[in-house]
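Working notes for the structure below.
The values are calculated or read from the model by the stated rules, or taken from the named source; none is laboratory data. Being a predicted model, the structure only gives us computed values, none of them experimental. Cβ: placed from backbone, ideal geometry, glycine included. Neighbour counts: every protein chain shown.
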Amino acid sequence: MSRYFTDEHEWIDVEGEIATVGITDYAQEQLGDIVFVELPAEGANFDKGDDAAVVESVKAASDVYAPISGEVIESNGALEDEPALVNSDPEEDGWFFKLRITDPSELEGLMNEKAYKAFVAGL
Amino acid sequence: MSVNSDDIAEFEAEIPLDKLPLDAWHRARGGRMVAFAGYDMPIQYEGIMAEHAWTREHAGLFDVSHMGQLSFTGEAVDVALETMLPGDIIGLKSFRQRYSLLLDEDGGILDDLMVSRRPDDIYMVVNGATKFDDIGWIIEHLPDEITMNHMDEQALLALQGPEAGAALASLIPGTADLFFMQCGAFSWNGFDLWVSRSGYTGEDGFEISLPGEAAEAFADALCALDAVKPIGLGARDSLRLEAGLPLYGHDIDTQVRPIGADLGFAVSKRRKEQGGFFGHARVMKELAEGAPSRRVGLTIEGRLPAREGAKILAGGKPVGTVTSGGFAPTVGAPIAMGWVEAAHAAIGTVLEVEVRGKRLTATVAPMPFVPHRYHRQKI
């Protein structure tokens with residue numbers, strides 16, 4: 001399994017043709033207490049960069065983009081009851097949705113963990 | 001991921017940013033600074049939810065030094081101020097504070113404010129984002145014999161919460177004698193303090209005006225107490241929303257008038273009868289005919305917050321707009337404040353709000369959403 005990162009602070013775990021997407025620890029830290037997550041419906045098709053989810057903190061609503069193109073095969077239902085999972089475990093149990101990847105070549109432009117850490121350190 | 005700029009409009013920068021007396025103090029304590037009302041201000045320290053809960057249970061220290069502190073002196077200063085404020089300023093006793101409004105000719109709200117009578121002046125605290133406009137308006141309309149002094153060297157701190165009374169009394173015993181909306185002069189470590197028992201959270205608490213050079217030491221002394229933690233602007237906003245208190249520039253502005261804003265209590269009986277303030281005719285018209293739309297509270301079904309700008313609908317037709325909204329930590333659910341047409345403003349009216357194409361059930365609710373716990377004088 002490989003983990004990729006975007007400059008919009010999403011992480012993507014890729015296993016075969018399935019990508020699991022969430023927001024990074026840095027992102028949840030910036031957002032603060034998360035009170036609601038709006039997740040995409042199963043079967044939704046996204047192009048890279050489409051609005052895919054919305055995360056609501058106490059203060060503001062933020063869009064989460066589809067980091068790559070694909071079809072949603074599952075959303076993390078646990079976030080409906082416990083949106084704070086995104087704060088407490090953003091890069092594991094606080095995942096947002098799984099995509100069936102339509103164009104694996106889109107992964108090429110993304111960062112690995114080391115590159116992302118350097119990117120965040122420069123912000 | 002990106003934060004929608006609409007939702008954080010109130011934190012927009014007005015460049016260049018000035019530094020407030022506690023700027024370095026906030027940073028040293030881990031405050032996350034954002035641009036607000038022309039200054040860098042702390043939006044949060046450990047997190048809005050935790051800071052909100054701390055203030056409801058203990059005592060929170062807020063730096064509100066961005067607000068405008070004005071002093072008015074001169075012969076018959078109270079008479080002069082009554083031309084601009086609809087409240088009973090002549091009848092305001094010494095060491096008493098009152099909520100009031102700065103109104104324009106059409107009764108539009110230029111600002112909401114606190115006004116106090118002190119032994120040597122009348123003291124006013126106005127909103128930070130509007131203070132320079134207020135000063136311009138006031139100078140234009142104030143008689144020449146009245147002097148206005150913008151006390152921009154003064155810091156302003158608010159200590160709020162059920163343990164605020166004991167905390168402040170441990171440093172300044174005399175403050176224990178103040179009741180809600182009373183105020184007085186005190187001293188601490190050789191500095192002169194002006195303290196009022198009031199605030200913007202719905203809790204008991206104080207607002208403390210003190211020289212900027214004393215602010216760090218005083219904030220340190222308060223935060224050395226177990227009951228006190230510094231609290232950012234984020235929790236200040238969620239606390240005031242739960243308390244049903246309007247935020248100027250969002251819930252009220254020059255487009256609305258006191259009666260529709262549910263702030264008719266700021267227009268005193270004598271002033272209604274006698275007039276003599278800007279907007280009197282328009283205010284009387286709204287009193288007689290009713291305001292066409294009104295500021296109301298809304299409870300939102302579900303967990304999705306409805307924020308400023310969300311449309312309010314009745315039977316599918318737009319009847320208003322949300323002006324403040326978010327997740328209410330103490331209520332444990334989303335709440336909002338908004339303006340709706342008078343026909344739909346009665347408590348209990350079931351409406352809808354539209355959030356990203358979804359329609360959520362919203363019910364007109366009495367405010368405050370969380371009961372006020374002011375330290376009132378028993379009569």
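Observations on the model:
- Being surrounded by 23 or more Cβ atoms within 10 Å (Cβ to Cβ), within 14 Å of A:Ala19 (Cα to Cα) and either out of contact with any Asp or Glu (no Cβ under 6 Å at 6 or more places or on another chain) or in contact (Cβ under 8 Å) with a residue 24 or more places away in the chain (or both) is not true of A:Phe46.
- Subset of segment B:15-35 (residues that are within 24 Å of the chain's Cα centre (by Cα) and either basic (Lys, Arg) or within 17 Å of A:Gln30 (Cβ to Cβ) (or both)): B:Lys19, B:Gly31, B:Arg32, B:Met33, B:Val34, B:Ala35
- Tally, over segment A:47-67, of residues that are touching a strand residue (DSSP E or B) at 6+ places or on another chain (Cβ under 7 Å), assigned to a loop (DSSP other than H, G, I, E, B) and more than 7 Å from chain B (Cβ to nearest Cβ): 4
- Residue among B:Ala345, B:Ala362, B:Ala328, B:Ala291 that alone is of a type in the set (A, V, I, L, M) and within 13 Å of another protein chain (Cβ to nearest Cβ): B:Ala328
- Within the option set B:Arg303, B:Arg240, being among the charged types (D, E, K, R), crowded, with 19+ Cβ neighbours inside 10 Å, within 14 Å of chain A (Cβ to nearest Cβ) and not in a strand (DSSP E or B) holds for one residue only, B:Arg240.
- Qualifying residue in segment B:71-83 (condition: within 20 Å of the chain's Cα centre (by Cα) and outside any loop (DSSP other than H, G, I, E, B)): yes
- Hey, B:Gly297 under 15 Å from B:Thr361 (Cβ atoms) and away from chain A (no Cβ under 14 Å) or not: yes
- Filtering segment B:189-224 to residues that are surrounded by fewer than 18 Cβ atoms within 10 Å (Cβ to Cβ), among the hydrophobic types (A, V, I, L, M, F, W, C) and outside any helix (DSSP H, G or I) leaves B:Phe191, B:Ala224.
- Whichever residue in segment B:113-160 is touching a helix residue (DSSP H, G or I) at 6+ places or on another chain (Cβ under 9 Å), β-branched (Val, Ile, Thr) and part of a strand (DSSP E or B) and, among such residues, is surrounded by the most Cβ atoms within 10 Å (Cβ to Cβ): B:Val126
- Candidate set from segment B:243-265 (those that are within 13 Å of B:Leu103 (Cα to Cα) and crowded, with 20+ Cβ neighbours inside 10 Å); member that is farthest from the other protein chains (Cβ to nearest Cβ): B:Ile259
- Single match in B:Glu51, B:Glu46 (criterion: within 14 Å of chain A (Cβ to nearest Cβ), outside any strand (DSSP E or B), farther than 17 Å from B:Cys183 by Cα and within 19 Å of the chain's Cα centre (by Cα)): B:Glu51
- Which listed residue is buried (at least 18 other Cβ atoms within 10 Å of the Cβ) and within 14 Å of chain A (Cβ to nearest Cβ), from B:Met41, B:Met84, B:Met67: B:Met41
- Boolean, A:Glu15 is under 24 Å from A:Lys114 (Cβ atoms) and over 14 Å from the mean Cα position of the chain (by Cα): yes
- Segment B:306-325: number of residues that are in a strand (DSSP E or B) and either within 22 Å of B:Gly108 (Cβ to Cβ) or within 14 Å of chain A (Cβ to nearest Cβ) (or both): 8
- Residue list for segment B:48-99, filter: closer than 22 Å to B:His26 by Cβ and without any contact (Cβ under 8 Å) to a residue 40 or more places away in the chain: B:Ala50
- Where A:Glu29 falls short, out of the listed (1) within 22 Å of B:Leu233 (Cβ to Cβ); (2) of a type outside the set (A, V, I, L, M); (3) in contact (Cβ under 8 Å) with a residue 12 or more places away in the chain; (4) assigned to a helix (DSSP H, G or I): (3)
- Exactly one residue among B:Ala346, B:Ala281 is surrounded by fewer than 16 Cβ atoms within 10 Å (Cβ to Cβ), in a loop (DSSP other than H, G, I, E, B) and of a type in the set (Gly, Ala, Ser), and that residue is B:Ala346.
- Yes/no for A:Ala53 being of a type in the set (A, V, I, L, M) and at pLDDT 95 or above: yes
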